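The values are calculated or read from the model by the stated rules, or taken from the named source; none is laboratory data. Quick caveat: nothing in here was measured; it's all calculated off a predicted structure. We place every Cβ from the backbone using ideal geometry, glycine too, and count neighbours over all the protein chains shown. Heavy atoms of the whole protein, side chains included, go into the accessibility calculation; ligands, DNA and RNA do not. Shrake-Rupley method; radii C 1.70, N 1.55, O 1.52, S 1.80 Å.
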Protein chains: 2
Amino acid sequence: MGEPRVLTVDMGERSYPIYIGEGLIDQAGKRFAEHGISLKSPILIVTDENIAAGNHLAHLESSLKQAGFTVSTAIVPAGESSKSLTVFQELVTHALQAGLDRKSTIVALGGGVVGDLAGFVAASYMRGIKFVQVPTTILAHDSSVGGKVAVNHPLAKNIIGAFHQPEMVLYDLNTLQTLPKREVSAGLSEVVKHGLIWDADFVAWCDENAERLLALDPEALGYALYKGCSVKAAVVSKDERENDLRAILNLGHTIGHALEAVAGYKQLLHGEAISIGMVGAARLAVKLGASEQVYTVTKHVLSRVGLPVRLPVDLDTDLIMDAMKHDKKFQEGSMTFIVPVAIGRVEINHSVSASLVREIVEQMKQEA
Amino acid sequence: MGEPRVLTVDMGERSYPIYIGEGLIDQAGKRFAEHGISLKSPILIVTDENIAAGNHLAHLESSLKQAGFTVSTAIVPAGESSKSLTVFQELVTHALQAGLDRKSTIVALGGGVVGDLAGFVAASYMRGIKFVQVPTTILAHDSSVGGKVAVNHPLAKNIIGAFHQPEMVLYDLNTLQTLPKREVSAGLSEVVKHGLIWDADFVAWCDENAERLLALDPEALGYALYKGCSVKAAVVSKDERENDLRAILNLGHTIGHALEAVAGYKQLLHGEAISIGMVGAARLAVKLGASEQVYTVTKHVLSRVGLPVRLPVDLDTDLIMDAMKHDKKFQEGSMTFIVPVAIGRVEINHSVSASLVREIVEQMKQEA
């Protein structure tokens with residue numbers, strides 16, 4: 001299986017490595033020990049029911065136990081509904097009962113939901129303990145870089161959270177082999193996004209290699225995840241707390257989050273909603289003067305990796321507009337959009353009028 | 001009423017001032033504006049029912065509104081039970097409904113409970129917004145320095161939290177004039193503690209000025225709060241994240257927290273529990289070789305400011321010992337105690353045997 005790719009996310013004192021390769025779960029015990037994770041303090045693995053039904057959890061537990069760690073596991077229901085304060089509190093109870101102390105580590109084995117949830121537990125348990133991510137989805141390449149962790153509130157997504165950097169990320173490509181087709185495409189949404197905001201060559205590469213990616217070819221997938229993580233790492237290293245530059249990572253998210261909220265987080269997967277949001281942002285860009293090609297290439301490459309590029313007609317425009325007002329990008333009364341000015345380059349526009357956004361939402365519904 | 005005392009807590013980029021004086025609530029609007037708090041983003045005041053029944057809340061709201069701020073107020077039940085995830089979630093709901101955005105500020109008007117609770121909301125709402133403390137108790141001088149915010153879990157106190165520094169602290173001495181006698185003494189517990197760990201002269205000053213402090217003489221109180229905050233600021237500036245030095249602030253807290261947990265957070269006020277805990281730590285110190293005077297002076301000065309120095313006989317020793325195991329100072333199996341080696345100087349002892357602690361708890365109960 002060869003040596004993994006290694007990317008270091010440069011966060012000063014809190015820098016950490018991302019390992020990307022095959023068979024990394026079986027090496028977890030060794031890597032934890034190398035990274036100075038304490039053998040004396042209990043480790044808590046957080047995962048979901050779907051993952052627990054497969055064999056990755058058993059492999060991870062066994063690798064850590066063989067290396068001498070004391071391991072406890074909490075299994076949460078699969079899906080966005082677990083990113084709640086209720087499940088959060090249950091995990092804190094579990095952590096207390098398992099005797100986790102200030103030198104303990106919480107390991108997130110799963111996708112973005114598990115990462116965000118377990119990460120927020122790690123960020124706030126005893127005001128912050130260590131955290132390791134073992135992502136099992138393509139989409140999680142995005143949330144595994146940058147330290148953003150959170151749970152949802154019934155009125156808004158990701159509204160309760162923290163910035164908490166992991167000690168390391170172990171990205172085992174073997175965990176991705178059983179992903180359903182729809183989730184593969186949804187995961188590639190953020191991969192393509194990283195190209196669209198930063199690297200036109202990588203967008204072209206995604207187009208050329210779409211079939212290999214959809215077929216989960218490990219070499220192509222490893223490269224795409226490495227590139228996606230690299231772009232995100234470059235951005236967050238320069239701006240951890242989302243004051244300015246980091247906002248460019250929100251390409252497609254203003255409309256995307258609103259669509260998820262209105263559709264109930266179920267009809268649309270996150271990556272699908274973001275895909276539609278990116279097409280919307282590209283449409284907006286053209287309205288604001290960008291070349292028509294920004295729109296056609298954005299739409300083409302997202303289609304190529306199997307993503308929806310049209311807005312579901314059954315979603316109410318008023319509800320979509322309302323949902324945007326609760327978005328963190330809606331700041332001091334004006335609406336902020338990340339606008340792609342060319343493929344591989346975006347700008348932050350703080351004064352996009354709500355009526356223009358409404359017009360685009362309506363147009364996208366008519367095309368659907 | 002003259003100019004307030006000003007103390008700067010040096011936290012690098014996150015340094016902030018503490019103003020201590022009379023009439024500061026009426027100047028809040030002016031000071032918020034001076035400190036760059038945004039006029040465009042809504043402010044949320046969090047306070048409790050007791051405070052809301054007096055006139056400080058109305059003064060604060062009016063001062064902020066006159067300066068042009070948009071103000072919303074959330075009133076929580078008084079007492080430790082409000083430091084729960086349930087009340088936390090209600091506050092997040094309130095913040096969302098009031099339209100708080102990333103540039104908004106949360107103001108804690110109240111004692112330690114309100115400060116810890118509102119502070120954790122500020123720390124985690126949208127992954128962290130601004131926070132201003134307006135303490136209304138003596139005890140809150142302690143929690144207003146250092147950025148430790150948290151809520152409780154049914155199994156352990158302060159177990160869910162963050163480090164989140166305020167923008168500033170407005171300590172209006174007028175709010176202290178209506179404090180019940182018992183709370184005055186409980187508040188002075190942490191003031192005396194700051195002397196015991198750092199400044200023998202200040203311990204002597206507390207002894208000499210005990211009557212003035214108990215009579216709430218503004219000059220004496222202002223000085224004592226300034227000194228207490230100064231010691232805490234000096235410690236946390238050097239060690240924000242409680243890796244080492246900051247632990248000395250936990251003098252009296254290992255036994256104290258356990259007593260609070262066992263007594264149910266109601267029979268004993270925090271300051272009272274800490275007072276008994278400091279006497280216990282002094283007893284431990286003498287057992288470990290310190291001069292007998294460490295014990296007699298500690299006990300004397302705490303008695304002088306009206307605090308209990310004996311352990312209630314009705315508290316079960318086994319339960320007290322069990323409660324200590326959930327304490328954050330119980331790390332990797334060994335018990336850590338802050339031990340006063342002289343008046344004004346403490347050491348961190350990481351290997352205090354549980355049996356010695358049990359012996360001291362038993363002895364203190366027999367003296368009661």
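Only one residue in B:Leu213, B:Leu196 is touching a strand residue (DSSP E or B) at 6+ places or on another chain (Cβ under 8 Å) and under 21 Å from B:Thr298 (Cβ atoms). Which one?
Numbers: B:Leu213 fails: touching a strand residue (DSSP E or B) at 6+ places or on another chain (Cβ under 8 Å).
Being touching a strand residue (DSSP E or B) at 6+ places or on another chain (Cβ under 8 Å) and under 21 Å from B:Thr298 (Cβ atoms) holds for just one of B:Leu213, B:Leu196, which is B:Leu196.
So that you can scan it fast, the table gives a plain yes or no per residue for (1) part of a loop (DSSP other than H, G, I, E, B); (2) within 19 Å of the chain's Cα centre (by Cα):
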position: A:Leu225; (1), (2): no, yes
position: A:Ser230; (1), (2): no, yes
position: A:Ala234; (1), (2): no, yes
position: A:Leu268; (1), (2): yes, yes
position: A:Ala290; (1), (2): yes, no
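Looking at region B:5-37 only, could you name the residues that are charged (D, E, K, R) and either closer than 19 Å to B:Thr105 by Cβ or touching a strand residue (DSSP E or B) at 6+ places or on another chain (Cβ under 8 Å) (or both)? Spell out the reasoning first.
Of region B:5-37, the ones charged (D, E, K, R) are B:5, B:10, B:13-14, B:22, B:26, B:30-31, B:34.
Of everything in region B:5-37, those that are charged (D, E, K, R) and either closer than 19 Å to B:Thr105 by Cβ or touching a strand residue (DSSP E or B) at 6+ places or on another chain (Cβ under 8 Å) (or both) turn out to be B:Arg5, B:Glu13, B:Arg14, B:Glu22, B:Asp26, B:Lys30, B:Arg31, B:Glu34.
Mind checking which residues of region A:301-324 are open to solvent by 20 Å² or more (accessible area, probe 1.4 Å), in a helix (DSSP H, G or I) and aliphatic (A, V, I, L, M)? Walk me through it before giving the result.
Going through region A:301-324, the residues open to solvent by 20 Å² or more (accessible area, probe 1.4 Å) turn out to be A:303-304, A:306, A:308, A:310, A:312-314, A:316, A:318-319, A:322-323.
Retained after the next criterion (residues that are in a helix (DSSP H, G or I)): A:303-304, A:318-319, A:322-323.
Correct list: A:Leu319, A:Ala323.
Look at region B:161-191 and say how many of its residues are more than 14 Å from chain A (Cβ to nearest Cβ) and within 24 Å of B:Ile248 (Cβ to Cβ).
Initially, region B:161-191 is screened for residues more than 14 Å from chain A (Cβ to nearest Cβ), giving B:166-191.
Checking which are within 24 Å of B:Ile248 (Cβ to Cβ) leaves us with B:166, B:169, B:171, B:185-191.
Adding up the residues that qualify gives 10.
Could you count how many residues in region A:65-93 are open to solvent by less than 40 Å² (accessible area, probe 1.4 Å), of a type in the set (S, T, N, Q) and within 14 Å of another protein chain (Cβ to nearest Cβ)?
2
For A:Ala150, indicate whether it is open to solvent by 10 Å² or more (accessible area, probe 1.4 Å), at the interface with another protein chain (Cβ under 8 Å from one of its Cβ atoms), within 24 Å of A:Val231 (Cα to Cα) and not in a helix (DSSP H, G or I).
No, not satisfied.
Any idea which of B:Leu57, B:Leu44, B:Leu117 is out of contact with any Lys or Arg (no Cβ under 9 Å at 6 or more places or on another chain) and within 26 Å of B:Arg14 (Cβ to Cβ)? Explain how you work it out, then say what you get.
Working: B:Leu57 fails: within 26 Å of B:Arg14 (Cβ to Cβ); B:Leu117 fails: out of contact with any Lys or Arg (no Cβ under 9 Å at 6 or more places or on another chain).
Unique residue meeting the criteria: B:Leu44.
Residue check: is B:Val169 surrounded by 24 or more Cβ atoms within 10 Å (Cβ to Cβ), within 20 Å of the chain's Cα centre (by Cα) and modelled with pLDDT of 95 or more? Lay out the reasoning, then the answer.
Working: surrounded by 24 or more Cβ atoms within 10 Å (Cβ to Cβ): yes; within 20 Å of the chain's Cα centre (by Cα): yes; modelled with pLDDT of 95 or more: yes.
Yes: the conditions hold for B:Val169.
Do we have any residue at all in region B:278-300 that's outside the structural domain of B:Tyr16 (by TED's automatic domain parsing), of a type in the set (D, E, K, R), open to solvent by 10 Å² or more (accessible area, probe 1.4 Å) and under 15 Å from B:Arg358 (Cα atoms)?
The first filter runs over region B:278-300 and keeps only residues outside the structural domain of B:Tyr16 (by TED's automatic domain parsing), leaving B:278-300.
Among the residues that remain, those that are also of a type in the set (D, E, K, R) are: B:283, B:287, B:292, B:299.
Filter once more, so that each one left must be open to solvent by 10 Å² or more (accessible area, probe 1.4 Å): B:283, B:287, B:292, B:299.
Still in the running and under 15 Å from B:Arg358 (Cα atoms): B:283, B:287.
Yes, region B:278-300 contains a residue that is outside the structural domain of B:Tyr16 (by TED's automatic domain parsing), of a type in the set (D, E, K, R), open to solvent by 10 Å² or more (accessible area, probe 1.4 Å) and under 15 Å from B:Arg358 (Cα atoms).
Give the residues of region A:1-44 that are hydroxyl-bearing (Ser, Thr, Tyr) and outside any loop (DSSP other than H, G, I, E, B), sorted by residue number. Break it down into steps so the answer makes sense when it comes.
Step one: of region A:1-44, the residues hydroxyl-bearing (Ser, Thr, Tyr) are A:8, A:15-16, A:19, A:38, A:41.
The answer is A:Thr8, A:Tyr16, A:Tyr19.
Name the one entry in A:Ala224, A:Ala215 that is open to solvent by 50 Å² or more (accessible area, probe 1.4 Å), among the small types (Gly, Ala, Ser) and within 27 Å of A:Gly2 (Cα to Cα).
Numbers: A:Ala224 fails: open to solvent by 50 Å² or more (accessible area, probe 1.4 Å).
Result: A:Ala215 is the single residue among A:Ala224, A:Ala215 that is open to solvent by 50 Å² or more (accessible area, probe 1.4 Å), among the small types (Gly, Ala, Ser) and within 27 Å of A:Gly2 (Cα to Cα).
Tell me, yes or no, whether region B:35-47 has at least one residue that is open to solvent by less than 60 Å² (accessible area, probe 1.4 Å), assigned by TED's automatic domain parsing to the domain that holds B:Ala150, closer than 26 Å to B:Asn158 by Cβ and of a type outside the set (A, V, I, L, M).
Within region B:35-47 (the criterion being open to solvent by less than 60 Å² (accessible area, probe 1.4 Å), assigned by TED's automatic domain parsing to the domain that holds B:Ala150, closer than 26 Å to B:Asn158 by Cβ and of a type outside the set (A, V, I, L, M)), the answer is yes, since at least one residue qualifies.
Please give the number of the condition B:Asn158 fails out of (1) open to solvent by less than 10 Å² (accessible area, probe 1.4 Å); (2) within 14 Å of chain A (Cβ to nearest Cβ); (3) in a strand (DSSP E or B).
So B:Asn158 meets the others, but not (1).
Can you tell me which residues in region B:149-193 are more than 24 Å from A:Met126 (Cβ to Cβ) and of a type in the set (Gly, Ala, Ser)? So that I can check it myself, show each step before the final result.
Of the residues in region B:149-193, the ones more than 24 Å from A:Met126 (Cβ to Cβ) are B:167-188, B:191-192.
Residues satisfying the conditions are B:Ser185, B:Ala186, B:Gly187.
Just give me the residues in region A:30-70 being among the aliphatic types (A, V, I, L, M) and touching a residue at least 24 places away in the same chain (Cβ under 8 Å), in sequence order. So that I can check it myself, show each step before the final result.
Residues of region A:30-70 among the aliphatic types (A, V, I, L, M): A:33, A:37, A:39, A:43-46, A:51-53, A:57-58, A:60, A:64, A:67.
The answer is A:Ala33, A:Ile37, A:Leu39, A:Ile43, A:Leu44, A:Ile45, A:Val46, A:Ile51, A:Leu57, A:Leu60, A:Leu64, A:Ala67.
Report, by residue number, each residue of region B:161-174 that is of a type in the set (S, T, N, Q) and assigned to a loop (DSSP other than H, G, I, E, B). Before the answer, list the steps.
Start the filter on region B:161-174 by keeping residues that are of a type in the set (S, T, N, Q), which leaves B:165, B:174.
If the condition is that a residue be of a type in the set (S, T, N, Q) and assigned to a loop (DSSP other than H, G, I, E, B), then B:Gln165 is the only one that fits.
Output the residue which, of all residues in region A:94-117 that are more than 20 Å from A:Leu176 (Cα to Cα) and in a helix (DSSP H, G or I), is farthest from the other protein chains (Cβ to nearest Cβ).
Restricting attention to region A:94-117, the residues satisfying the condition of being more than 20 Å from A:Leu176 (Cα to Cα) are A:94-106, A:117.
Filter once more, keeping what is in a helix (DSSP H, G or I): A:94-97, A:117.
On the way: A:His94: 11, A:Ala95: 9, A:Leu96: 5, A:Gln97: 8, A:Leu117: 14 Å.
Across region A:94-117, the extreme among qualifying residues is A:Leu117.
What do you reckon, is B:Val145 more than 21 Å from B:Leu57 (Cβ to Cβ), modelled with pLDDT under 95 and either under 13 Å from the mean Cα position of the chain (by Cα) or within 14 Å of chain A (Cβ to nearest Cβ) (or both)?
Answer is yes for this residue.
Take A:Val231 and tell me if it is among the β-branched types (Val, Ile, Thr), at pLDDT 90 or above and open to solvent by less than 10 Å² (accessible area, probe 1.4 Å). If you could, list the steps in order and put the result at the bottom.
Working: among the β-branched types (Val, Ile, Thr): yes; at pLDDT 90 or above: yes; open to solvent by less than 10 Å² (accessible area, probe 1.4 Å): yes.
Here the answer is yes, as A:Val231 does meet what is asked.
Looking at B:Ala220, B:Ala204, which one is in a helix (DSSP H, G or I) and closer than 27 Å to B:Val132 by Cα? Spell out the reasoning first.
On the way: B:Ala204 fails: closer than 27 Å to B:Val132 by Cα.
After ruling out the rest, the residue left standing is B:Ala220.
Conditions: (1) open to solvent by less than 20 Å² (accessible area, probe 1.4 Å); (2) on the phi > 0 side of the Ramachandran plot. A:Phe202 meets all but one. Number of the miss?
The one condition A:Phe202 does not meet is (2).
Between a residue in region B:204-232 that is in the same structural domain as B:Ile343 (by TED's automatic domain parsing) and any residue that is polar (S, T, N, Q) and not in a helix (DSSP H, G or I), which pairs come within a Cβ distance under 7 Å, given they are 6 or more apart or on different chains?
Within 7 Å, the pairs are B:Ala220/B:Asn209.
Every residue in region A:325-347 that is at pLDDT 85 or above, on the phi < 0 side of the Ramachandran plot and out of contact with any strand residue (DSSP E or B) (no Cβ under 6 Å at 6 or more places or on another chain), please.
Selection gives A:Ala342, A:Ile343, A:Arg345.
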